[in-house]
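Colleague: Supplied in structure tokens, the structure appears directly below.
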Amino acid sequence: MKTILKAALFGASLCTLMGSSALAQNATFVLGSREVGAPSYNPIKATRLNAANTFIYDRMVIQDADQSFHGQLATSWEAAADGMSWTFKLRPNVKFHDGEPFNAQTIVWWVPKFKGTENAFMTDAIDKVEVVDDLTVRFVMKTPDPNMLFNMASTFMGIPSPKAFDALGDRYGVAGAVGTGPFKLESFTVGQQTVLVRNDAYNSASALSANKGPAKIARLTIREIAEDSTAFLELKTGGVDMLMSVPTDFLPRLSAERGTKVMTLPGTEVYYMPLNTSVDPFTEIKVREAVAFAVNQKEILDSLFGGVGAVANTFLISGLAESKVDPKLMISYDPSRSRKALDEAGWVAGPDGIRARGGVKLQVKLWTQNGTEFKRVTEVIQAQLKAVGISADITIFDAATITAQYRRRTEHQLAVRVYSWANADILDWFHSGKRLGHPNHAMWNDPKSEELNEKAMKGSRTWDERVTNFRAYHEHLLSQFVFAPIYQPVQNFAFSEARLSMPAVIRGTRLQGQTVVDIEVKK
């Protein structure tokens, strides 16, 4: 009897230890509030993806913070001298999560899938894909594309399993998502959470990861919390282990929390305010000019973000060569110029300070989305507009709803937005006449812009030519005041030191899959 009892107790203890060990390998992260509501993990067709996309999918190449490129599913590459072909060597012995092989035929299937999607511009210059051998492909180009490596490193270029993609059809990305990345998708509830499990066969880590094998986390829950204050409380009380993005105004509170560590990466984001140029009063360039110069970027940087980050005076992050425009075209706070532009447009200040013309007040709709930072920035801009005589009514939407509203095209007038991208082709994304409504929230459709856009996107043979062409396009957009630049954040994330061990150096342009494979759960 005693022997049986001892065996039972030993077995119970063993199960407890095994359960504790399994639990120790589990972690819960929270996406940044700006990424809440991404509707799919379909990298080919999506226009919005969250950071967990890089946990499921690998890309051909990956970019480091210094703008250098490193192989992931490709091991090496070479461009022809005339730019009319690119040859990629592929990593051997890689399998998708469903057991299907990754090889040259995968690339032959993959590239044409972008045709007709909103991401087609990244592969438009490729005429065809030739198989050299099972692990070598050649892209034969229609025109040179000096931006090829950046495109291949984009999160939208995660490579899905052809078998799973074709089988699931329109349900792909929600009902299932199959890549070669360090984690497999177990479940996805849009706007709530994603559950991932480790890919024990993972062998495609890039040079940006110290760990070349499977991730150290066995099960990873990615939660979506729209309110930054709620996410902060979850980290503080131990409900989650990491906040993948932290608003700058939370940094003092997080720094004061024992056991919580904050890390910072260079920023790739810009806050900006698109002006809907298709509706009154923003069909008038003078009114757009007035709004652009009414925004006090320095006040927003200092009062809301404690001086962390930088002001934005153009549409592009300041690290890009294409952002180095003629200083006369940079947009910086100038209330005198703002008021003068409104005077010239015939808008006269009334007794309450709000301007009017022809008996109609200068009252506009100002949209934003939920999240502490969005709300606070929008409220400050509302006050800054009022100071020059523009009354702005704020409406707050959730991330999914606001996108649907933009697609209606004429419902909005002003909006506070943010994007994350480290390449000048974001100008095409947000200002091309082919994408009116969303993502071209400014509804900008101008013949000269389209000409400059086409030259920048397709008429550049070398990188230097591309920089010159995109700078010209950028300068024209600035001269037309189709947006008001606001702020350039840095990237902050916070984690529980009791729960997670982070690599000493974070490589890459963002906190993504290449870092997550190196994160270890302590207990």
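The values are calculated or read from the model by the stated rules, or taken from the named source; none is laboratory data. These numbers were taken from a predicted model, which means no experiment stands behind them. Please note: Cβ atoms are built from the backbone with ideal geometry, for glycine as well, and neighbour counts cover all protein chains shown.
Colleague: Being out of contact with any helix residue (DSSP H, G or I) (no Cβ under 6 Å at 6 or more places or on another chain), of a type in the set (Lys, Arg) and not in a strand (DSSP E or B), is that true of even one residue in segment 357-375?
Modeller: Among the residues of segment 357-375, at least one is out of contact with any helix residue (DSSP H, G or I) (no Cβ under 6 Å at 6 or more places or on another chain), of a type in the set (Lys, Arg) and not in a strand (DSSP E or B), which makes the answer yes.
Colleague: Is it the case, given these coordinates, that Glu100 is under 22 Å from the mean Cα position of the chain (by Cα) and either acidic (Asp, Glu) or modelled with pLDDT of 95 or more (or both)?
Modeller: Values: under 22 Å from the mean Cα position of the chain (by Cα): no; either acidic (Asp, Glu) or modelled with pLDDT of 95 or more (or both): yes.
Criteria not met by Glu100.
Colleague: Further question: Which number in (1) in contact with a helix residue (DSSP H, G or I) (Cβ under 6 Å, 6 or more places away or on another chain); (2) hydrophobic (A, V, I, L, M, F, W, C); (3) surrounded by 18 or more Cβ atoms within 10 Å (Cβ to Cβ) marks the one condition that Ile394 misses?
Modeller: Among (1) in contact with a helix residue (DSSP H, G or I) (Cβ under 6 Å, 6 or more places away or on another chain); (2) hydrophobic (A, V, I, L, M, F, W, C); (3) surrounded by 18 or more Cβ atoms within 10 Å (Cβ to Cβ), Ile394 violates only (3).
Colleague: Please tell me if Ala484 is touching a Leu at 6+ places or on another chain (Cβ under 8 Å), assigned to a strand (DSSP E or B), among the hydrophobic types (A, V, I, L, M, F, W, C) and in contact (Cβ under 8 Å) with a residue 24 or more places away in the chain.
Modeller: On the way: touching a Leu at 6+ places or on another chain (Cβ under 8 Å): yes; assigned to a strand (DSSP E or B): yes; among the hydrophobic types (A, V, I, L, M, F, W, C): yes; in contact (Cβ under 8 Å) with a residue 24 or more places away in the chain: yes.
Here the answer is yes, as Ala484 does meet what is asked.
Colleague: While we're on this one: Tally up the residues in segment 132-176 that are of a type in the set (Gly, Ala, Ser), touching a helix residue (DSSP H, G or I) at 6+ places or on another chain (Cβ under 8 Å), assigned to a loop (DSSP other than H, G, I, E, B) and in contact (Cβ under 8 Å) with a residue 12 or more places away in the chain, please.
Modeller: Of all residues in segment 132-176, those of a type in the set (Gly, Ala, Ser) come to 153-154, 158, 161, 164, 167, 169, 173, 175-176.
Adding the requirement that they be touching a helix residue (DSSP H, G or I) at 6+ places or on another chain (Cβ under 8 Å) leaves 154, 158, 175-176.
This time we only want the ones that are assigned to a loop (DSSP other than H, G, I, E, B), so: 154, 158, 175.
From what is left, the residues that are in contact (Cβ under 8 Å) with a residue 12 or more places away in the chain are 154, 158.
Of the residues in that region, 2 qualify.
Colleague: Val129: surrounded by fewer than 17 Cβ atoms within 10 Å (Cβ to Cβ), out of contact with any Pro (no Cβ under 7 Å at 6 or more places or on another chain), in contact (Cβ under 8 Å) with a residue 12 or more places away in the chain and aliphatic (A, V, I, L, M), yes or no? Outline the logic, then answer.
Modeller: On the way: surrounded by fewer than 17 Cβ atoms within 10 Å (Cβ to Cβ): no; out of contact with any Pro (no Cβ under 7 Å at 6 or more places or on another chain): yes; in contact (Cβ under 8 Å) with a residue 12 or more places away in the chain: yes; aliphatic (A, V, I, L, M): yes.
No, not satisfied.
Colleague: Could you check how many residues of segment 361-379 are surrounded by fewer than 18 Cβ atoms within 10 Å (Cβ to Cβ) and at pLDDT 95 or above?
Modeller: Of the residues in segment 361-379, 4 are surrounded by fewer than 18 Cβ atoms within 10 Å (Cβ to Cβ) and at pLDDT 95 or above.
Colleague: So, one more: I'm checking my understanding of the structure. Among residues of segment 447-479 that are of a type in the set (Lys, Arg), in contact with an Asp or Glu (Cβ under 9 Å, 6 or more places away or on another chain) and in a helix (DSSP H, G or I), which one is surrounded by the most Cβ atoms within 10 Å (Cβ to Cβ)?
Modeller: Of segment 447-479, the ones of a type in the set (Lys, Arg) are 448, 455, 458, 461, 466, 471.
In the following step, the residues that additionally are in contact with an Asp or Glu (Cβ under 9 Å, 6 or more places away or on another chain) were identified as 458, 461, 466, 471.
Checking which are in a helix (DSSP H, G or I) leaves us with 458, 466, 471.
Working: Lys458: 15, Arg466: 24, Arg471: 21.
That would be Arg466.
Colleague: Sticking with this one: Tell me the residue from Thr180, Thr143, Thr136 that is of a type outside the set (A, V, I, L, M) and surrounded by 21 or more Cβ atoms within 10 Å (Cβ to Cβ), please.
Modeller: None of the others qualify; the one that does is Thr180.
Colleague: Which condition number does Phe315 fail, the rest of (1) buried (at least 19 other Cβ atoms within 10 Å of the Cβ); (2) within 35 Å of the chain's Cα centre (by Cα); (3) without any contact (Cβ under 8 Å) to a residue 40 or more places away in the chain being met?
Modeller: (3)
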